[in-house]
Amino acid sequence: MKQIQMTKNPSFSLISTNKIIQLNDVWTSYDSKTFALEGIDMSIDRGTNYAIVGKSGSGKSTLLKLLNGMMIPSKGTIKVDYVTPNMNDKKFKKMMHTIGYIPQSLGLVKNITVLDNILIGALPRLNKLQSLLKQFPESEIKEAKRLIELVGLDGKETRKAYMLSGGEKRRVAIARALMQKPTILLADEIVSELDHVTAREIMDLIVDAQKKMNLTAIMVHHDIQLALEYANRVAVIKEGQKILEIGVEGDNIVDFQTGDMTNAEIMEMHFDDSKK
Amino acid sequence: MTPKNNIVIGIIVALLVIASYNIDANPLDFAEGIPNLAIILEEMIAVEPKYIPTALWAMFETIQMAFIGTVVGVVIALPLSMLAARNLNSKFVYAPIRALLAAIRTFPSILWAILFVIMVGLGPFAGVLAVIMYTVGFVAKLQYESIEAIDSDPVDAVSSIGVSKWQLIRCVVIPESAPHLLSQILYMFDYNVRQTSILGLVGAGGIGFYIINYIKFFEYGKAAIFMLVVLVAVLIIDWVSVKIRDKFIMKTQHGMEVTTK
């Protein structure tokens, strides 16, 4: 890893009004005894590329599921674009299409083609008759084909999803999420199983799309180096708690949580912790 | 072998003996009856080939009955299976539908055939209705079980887009459970052809009508022709469904295996 200078965060005390995601003292538990997340506070600016890093079982995936309303916290408040996420709530359900979610498993429909998988992202825009007949307007098909090209799957649109390689499947999942025309993109460890080169290709793709579409991307990573390379901010989660929030500004790493300078050795320790 | 196992085996054997005594199942009767089988076989060997066209026509009628029964039954069963799947509906929807399907399955198709003969009169139509009922009960059960067994990942991922339940069914549930469905339809058609062959016993049309009548009048040679035609037809259908299965189903499963790494 390159030598990184620590500095005090200059803008720490400023309160931004452009927070797209806010979590206040969020606790979750799968049973009543153990907590998956313990008192998480987080606020994310619009257009940020935000990374969440931590070991397996640290609660990173839970955090993403809270943001897209698939889980609700046992305590604390969450606001996504000023709405409390809960997939059973009508108000939130109406805005769910603006949140692109790529789970670790990708969630592709195996027996349908690449094009059909990507078109799923346009489903919320169909009217009742169109969805009854599964009839997509010409403009949506054109958009899906444009995205196929964008993610580098030209000529594979009629390929069934189960026939694709791991990298190609991730491209389809990204295209499906972009097809939603989202404002937020959530991705759960989608590059961790890929080789170095493919992982970076996929990350470049997401960062490009994120900049062009002014997306707020929140990506869970296993590898802190990859996270620091691509994200503006990195939160390190350990045993359900956010132990560090850092950002990269040029060659400097800034600790946003305390505003203090962080000891390089402590940082290294966190990195090692979060790797495996 | 533990003492506990011995006790269990002892109980099963005791129950077997008691049940056989109760229903008067005597192995000696079976042994004594073997010569009778030889007489029937001897008479059956004296087949009368001039009945072959009639037998073929009756078999064709039977296959048509099974075909209509299978197609209409599956069409009715599919929406019911969507409603009966626990991963798609609340308890208040799936519980009554499951109870209804269980009630339909309680009766074998021959009992349904008797009921429909009373309702619509003798003939193939009563048989078709019976096949439909049985197919609905059976395919709906097989199908809701395969819907419940589909991979939850795409369901969760697509649900998080905010799609309607119908869109989820149309774009995820149906494509994911379709390979099972094809296999179930083939199995059901195969089964229905064999079922329909005996529905004639209660006057519900098909080739069974001829078989039962010739047996009643001890004309085993004529009955044998019809039974032979059923055998050949079932073998052909079996062979064709194996071919279709290989072509469409094996391929998808093979593809999945390759990608499960």
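Computed from the coordinates by the stated procedures, all read-outs in this text should not be read as laboratory data. Note that the coordinates shown come from a computational prediction; the quantities given were computed from them, not determined experimentally. With ideal geometry, Cβ positions are generated from the backbone for all residues, glycine too; neighbour counts draw on all protein chains shown.
First obtain the Kirkwood hydrodynamic radius of chain B from its Cα pairs, then insert it into the Stokes-Einstein equation at 25 °C and 0.890 mPa s, and state the resulting D in µm² per second as a whole number.
Details: Rh = 21.8 Å.
The Stokes-Einstein estimate is 113 µm²/s.
With runs of 4+ DSSP H residues as the only contributors, calculate the mean residue ellipticity of chain B at 222 nm using -39,500 (n - 2.57) per run, divided by the residue total and rounded to the nearest 500.
So the calculated ellipticity at 222 nm is -26500 deg cm²/dmol.
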- Note on the structure: Taking the alpha-carbon centre of each part, the distance from the range A:38-91 to the range B:203-251 in Å is 62 Å
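What net charge do the residues around B:A140 carry, taking every other residue with its C-beta under 14 Å from that of B:A140, with Lys and Arg at +1 and Asp and Glu at -1?
So the environment of B:A140 carries a net charge of +2.
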- Rounded to the nearest 10 degrees, the helix B:52-84 long axis (Cα) sits at an angle to the longest Cα principal axis of chain B of 30 degrees
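Report the trypsin sites (Lys or Arg not before Pro) located in the range B:9-116 that are in a DSSP loop and have at most 16 other Cβ atoms inside 10 Å of their Cβ, or state none.
On the way: sites: B:K50, B:R86, B:K91, B:R98, B:R105; in loops: B:R86.
Those that pass, being in a loop and sparsely packed, are B:R86.
Just how large is the dipole of the protein assembly as shown about the Cα centre, in debye to the nearest 20, putting +1 at every Lys and Arg Cβ and -1 at every Asp and Glu Cβ? Write down the numbers at each step before the final one.
On the way: 54 positive and 52 negative charges, 290 e Å.
Using only the charged Cβ atoms, the result is roughly 1400 debye.
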- Close Lys-Lys pairs in chain B, where close means Cα under 18 Å and separation is 8 or more or interchain: 5
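Across the range A:89-179, how many lysine pairs, 8 or more apart or on two chains, come within less than 12 Å at their alpha-carbon atoms? Kindly include the intermediate steps, with their values, before the conclusion.
Working: A:K110/A:K160; A:K110/A:K169; A:K145/A:K156; A:K156/A:K169; A:K160/A:K169.
Summing the qualifying lysine pairs gives 5.
Would you list B:W112, A:W27 from fewest to most Cβ contacts within 10 Å? Each step should come with its number before you reach the end.
On the way: B:W112 23, A:W27 15.
Ascending number of Cβ neighbours within 10 Å: A:W27, B:W112.
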- Query: Which of the lysines could a cross-linker span from A:K19 if the Cα-Cα distance has to be under 17 Å and same-chain partners fewer than 8 positions apart are dropped?
  - Reply: A:K79
- Reachable aspartates and glutamates, given that their alpha-carbon falls under 15 Å from the alpha-carbon of A:K60 and they are not under 8 places away in the same chain: A:E38, A:D41, A:D188, A:E189, A:D223, A:E239, A:E245, A:D273
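Kindly put A:D208, B:D24 in sequence by how many other C-beta atoms sit within 10 Å of each C-beta, fewest to most. Provide the component values of the computation, followed by the final result.
Working: A:D208 11, B:D24 7.
Fewest-to-most ranking of A:D208, B:D24: B:D24, A:D208.
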- In a Gaussian network model over chain B where Cα atoms closer than 10 Å are linked, find which of B:N36, B:N89, B:N213 has the largest mean-square fluctuation. B:N36
- Message: Can you compute the radius of gyration and Dmax for the range B:62-183, using only the Cα atoms, both in Å?
- Response: 16.4, 54
- Note on the structure: Kirkwood Rh for the protein assembly as shown from C-alpha pairs, in Å, is 28.1 Å
